[in-house]
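Here the structure is laid out as C-alpha cells; the discussion comes afterwards.
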Amino acid sequence: QIGNSAASRDIAYHVHGYTNLKKHEENGPFIITRAEGVRIFDDSGNSYIEGLSGLWNTGLGYSQDRLVKAATNAMQNLPYCHSFAHMAPEIVIDLSEKLINMAPNGISKVLYASTGSEVTDLAVKLVWYYHNAIGKPQKKKIIARTKGYHGITVAAASMTGLPHLHNDFDLPID
C-alpha cells in the first residue's frame, strides 16, 4: 500500500539516477522543499549548504529576484523554441552575439546543449565528424582520465573513469 507522504510516493513512483534503488527503498529519500541563496531546506525545515550547486546549474544561488524576473519575462514572451532546422529565437541570437564578443579571438560560433553530458557527447561527435570530413575516419580514439567525471549519457559515461558507473551498464563503449 502506497502512503500519502512525499517519501512513500517518491519510492513508489520515482527512479533516481545514480542511486542504489534497494537502499533507497529501505532508507527513503532526502526530500527538499525549498531553496534560498546557497541553502536548500528539507521537509523537516533543516538547512543545508548545496555544495553541488544543483548539479552545477545554480551557481548564482537560489531564489534570486533578478533571475525570477528574467525567467518570468521569458516564460511570458517565448517559453520555448528550439533552434533546429533554421529556427532562431531572438534571445539565442542575442546571447550568442554577447558570448562571441566575450570569447577569445578565433571563436566565431556558439553551439548550445542542455547538459554537461550532452556537451561531452557533442564534443565527441564533432571530433568524429571533423575527422570524417577531412578524410581521416580512422581517427576515433578519445582519451579520458581514470576517476574523471564527464557525464551520464552513453558516450560521456564511457569517458568517465569510474568503474561503478561502468559495470552495470556494459560501459565503456569502444
Looking at region 124-156, which of the residues that are open to solvent by 50 Å² or more (accessible area, probe 1.4 Å) and among the small types (G, A, S) is nearest to the chain's Cα centre (by Cα)?
A133
Looking at region 75-102, which of the residues that are polar (S, T, N, Q) and closer than 16 Å to A113 by Cβ is least open to solvent (accessible area, probe 1.4 Å)?
S96
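Determine whether I152 is within 30 Å of F41 (Cβ to Cβ), in contact (Cβ under 8 Å) with a residue 12 or more places away in the chain and part of a loop (DSSP other than H, G, I, E, B). Reasoning before the result, please.
Numbers: within 30 Å of F41 (Cβ to Cβ): yes; in contact (Cβ under 8 Å) with a residue 12 or more places away in the chain: yes; part of a loop (DSSP other than H, G, I, E, B): yes.
In short, yes.
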Please go through (1) of a type in the set (A, V, I, L, M, F, W, C); (2) modelled with pLDDT of 90 or more; (3) closer than 30 Å to T19 by Cβ for L67 and return the number of the only condition it doesn't satisfy.
(2)
Of all residues being open to solvent by 70 Å² or more (accessible area, probe 1.4 Å) and within 25 Å of S47 (Cα to Cα) in region 1-14, which is farthest from the chain's Cα centre (by Cα)? Just the residue, please.
N4
Hey, does region 95-112 have a residue that's under 30 Å from L78 (Cα atoms) and in contact (Cβ under 8 Å) with a residue 24 or more places away in the chain?
yes
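Residue-wise test of (1) under 30 Å from R39 (Cβ atoms); (2) of a type in the set (A, V, I, L, M, F, W, C); (3) modelled with pLDDT of 85 or more.
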position	(1), (2), (3)
G61	yes, no, no
P79	yes, no, yes
E90	no, no, yes
I152	yes, yes, yes
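Please enumerate the residues belonging to region 71-90 that are among the aliphatic types (A, V, I, L, M) and more than 21 Å from the chain's Cα centre (by Cα). Spell out how you get there, then give the answer.
To start, the set of residues in region 71-90 that are among the aliphatic types (A, V, I, L, M) comprises 71, 74-75, 78, 85, 87-88.
Scanning region 71-90 gives L78, A85, M87, A88.
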Per-region count, region 1-39, residues β-branched (V, I, T) and at pLDDT 90 or above:
5
Whichever residue in region 157-166 is in a helix (DSSP H, G or I) and farther than 19 Å from L52 by Cβ and, among such residues, is least open to solvent (accessible area, probe 1.4 Å)
S158
Test: residue in region 46-54 that is under 29 Å from S158 (Cβ atoms), surrounded by fewer than 11 Cβ atoms within 10 Å (Cβ to Cβ) and not aromatic (F, W, Y):
yes
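The values are calculated or read from the model by the stated rules, or taken from the named source; none is laboratory data. No experiment lies behind these values; they were computed from the predicted model shown. As a convention, Cβ positions derive from the backbone with ideal geometry for all residues, glycine included, and neighbour counts pool all protein chains shown. Protein only, heavy atoms only, side chains kept; ligands, DNA and RNA dropped before computing areas. Shrake-Rupley method; radii C 1.70, N 1.55, O 1.52, S 1.80 Å.
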